[in-house]
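To start, the structure under review is shown below, and the notes come after it.
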Amino acid sequence: MRFPNRISGIKFAGLLTIVVLAFSTFEYTNSDPDKNGSNASSDEKMRTAKPDENITFVTAGSSFSPIITVTGNPEIQWVFGDGSTSDSTSPTVNFGSRKSRENTLVVTPWSAVTKINIGYDGSDGGVTPGSDTIENLKQQDVIAVTGLENVAPYLQVWASSYNPITSLDFNNFTALHTIECFYCTSLNTIRLRNVPSLTRLCLENCNISELDLSEAPSLADLRGASQRSRTYTINWGTTGANLWHICVRDNPQMTTTLPVSQFPLIKDFYVWNGNQSGTLHLTSTNLKKVLSSNNQYTAANFSGCFPAGGRCTVNIYDNDLTSLDISDDPGLFYLNASLNSLNQTTVDGILQILDSYDTNGGYVDLTGNAAPSRTGVAHANNLAARGWKVQS
């Protein structure tokens, strides 16, 4: 009778042992996969953070003819959306039909790449197209680019004018000095962190709503007119010390007042119809043209900006000016300050100052303000006698 109980006890003990072993095994394997899973997750993060091994150009057209400029004799490998390949710096592939395709580029070493051109014609003050500058090239229907980080420390010139590209990331492109994106009407995002060499930025007729220039200290030439966005904000930071040309005209949606005190070297100041207000006080003695009509400026001070020897222009009509200082400006030869709120004393003063410079062959338009007094008319007559065209 005790024998069965013994068997039962053995079975129970064995079962307990199996359970304990199973639990122990489960506990071990449960912790180990956690550890392995963590490593796998870390590896995955590393793979995610690692730059793409190639640059991919997503195109929507029936052909693709990019141009890259390299130094030395690097290995170049293009793989196009139809499976064909090339090792040329200026390949051409005809797909036969319009369709979204991925075209990849690998250059070994990446440090050989200095220029990438997928569209350029020299518009808006760009360098004359040529083999030693940026070659003339029609737009390539590129809608997206990834993997550009491979050339971030090396690329000097990027040109993608007229392409339907939507986003560009140039963060940490430390050698990049020229960006040409003229008439990229779909371009709504461009990132420009840590671009210490950037001197020319052309974004005219794009769709930018926020432009951060705070980490582009060398910027000298900004073309940012006619954005198609609903709002347009520019973060300047302290950038501006090297700026000679700024054109942000025809942006009535702009929410930024230009920090003109940061532009000591400015030559061309083009901001008409730019939603600017308050006092416009420029101090650069390099000024050639100020085109700032159709804003809400209430005062303008150009004293000392136009030294003798120049033939400079100020177009500041259709504002709300009650004050306009053009003292010490013998180089001012064209002044249109019509359609403002200048009183008679101010109008007389402007005519008197221009007369005092004893220059010939200029132009001044003060219509749409108060009429000059007899004194003002006398100065206007003196100017006319020296070949000035005077409208008041």
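Brief remarks on what is shown
- Gaussian network model of the chain, Cα within-10 Å springs - most flexible of 71, 313, 114: 71
- Calculated accessible area for the stretch 276-391 comes out at 41 Å² per residue, all protein chains present (probe 1.4 Å; ligands, DNA, RNA ignored).
- For residue 184, nonlocal amide neighbours, meaning residues 5 or more places apart or on other chains whose placed amide H falls under 5 Å from its own, are 162.
- Ordered from longest to shortest, the equivalent ellipsoid semi-axes for the chain are 66, 28, 17 Å, each the square root of 5 times a Cα gyration tensor eigenvalue.
- Alpha carbon Rg of the stretch 91-216, scaled by the compact-globule rule 2.2 N^0.38 Å: 1.02
- Mean-position separation - Cα centroids, the stretch 221-299 and the stretch 126-202, in angstrom: 23 Å
- Net length gained if the chain between residue 53 and residue 344 were fully extended (0.36 nm per residue, minus Cα distance): 97.8 nm
- From helices alone, the chain scores -6500 deg cm²/dmol at 222 nm; the rule is -39500 (n - 2.57) for each run of n ≥ 4 DSSP H residues, then divide by the residue total.
- In order along the stretch 146-160, phi translates into HN-Hα couplings of 10, x, 5, 4, 4, 10, 3, x, 10, 5, 10, 9, 10, 9, 9 Hz, rounded to whole numbers, per the Karplus curve 6.51 cos²θ - 1.76 cosθ + 1.60 with θ = phi - 60° and x for Gly and Pro.
- Note on the chain: with a GNM built from Cα contacts shorter than 10 Å, the maximum mean-square fluctuation among 318, 132, 87 falls on 132.
- The relative contact order of the chain comes to 7 percent, based on Cα pairs under 8 Å that sit 6 or more residues apart.
- Among 200, 374, 98, the largest mean-square fluctuation in a Gaussian network model of the chain (Cα springs under 10 Å) belongs to 374.
- Carbon/sulfur fraction of accessible area - the chain, other protein chains in place, 1.4 Å, %: 50 percent
- Integer Hz, Karplus 6.51/-1.76/1.60 couplings in order for the stretch 238-244, x for Gly and Pro: 9, 5, x, 5, 10, 6, 10
- Normalising the Debye intensity of the stretch 151-283 to I(0), with uniform scatterers on Cα atoms only, and taking log10 at q = 0.21 Å⁻¹ returns -1.32.
- The stretch 276-391: relative contact order in percent, alpha carbon pairs under 8 Å with at least 6 residues between: 20 percent
- Computed E for residue 384/residue 322 - FRET, C-beta separation, R0 30 angstrom, nearest 0.05: 0.70
- Amide H within-cut-off set for residue 136, under 5 Å, with H built and near neighbours excluded: 130
- Applied to the stretch 376-392, the Karplus parametrisation 6.51 cos²θ - 1.76 cosθ + 1.60 on θ = phi - 60° returns per-residue 3J(HN,Hα) values of x, 5, 4, 5, 4, 5, 4, 4, 4, 5, 9, x, 6, 9, 10, 10, 8 Hz, with x for Gly and Pro.
- Total charge dipole magnitude, the chain, about the Cα centre, Cβ charges on Lys, Arg, Asp, Glu only, Debye to nearest 20: 920 debye
- Considering only 353, 131, 161, and ranking their Cα positions along the charge dipole of the chain that arises from unit charges at the beta-carbon of Lys, Arg, Asp and Glu, the one farthest toward the positive end is 161.
The values are calculated or read from the model by the stated rules, or taken from the named source; none is laboratory data. Since the model is a prediction, treat every value here as computed from it, not as a measurement. Positions of Cβ are backbone-derived with ideal geometry, glycine not excepted, and every protein chain shown enters the neighbour counts. Each accessible area value is taken on the protein alone, full model and side chains, heavy atoms only, with ligands, DNA and RNA left out. Shrake-Rupley method; radii C 1.70, N 1.55, O 1.52, S 1.80 Å.
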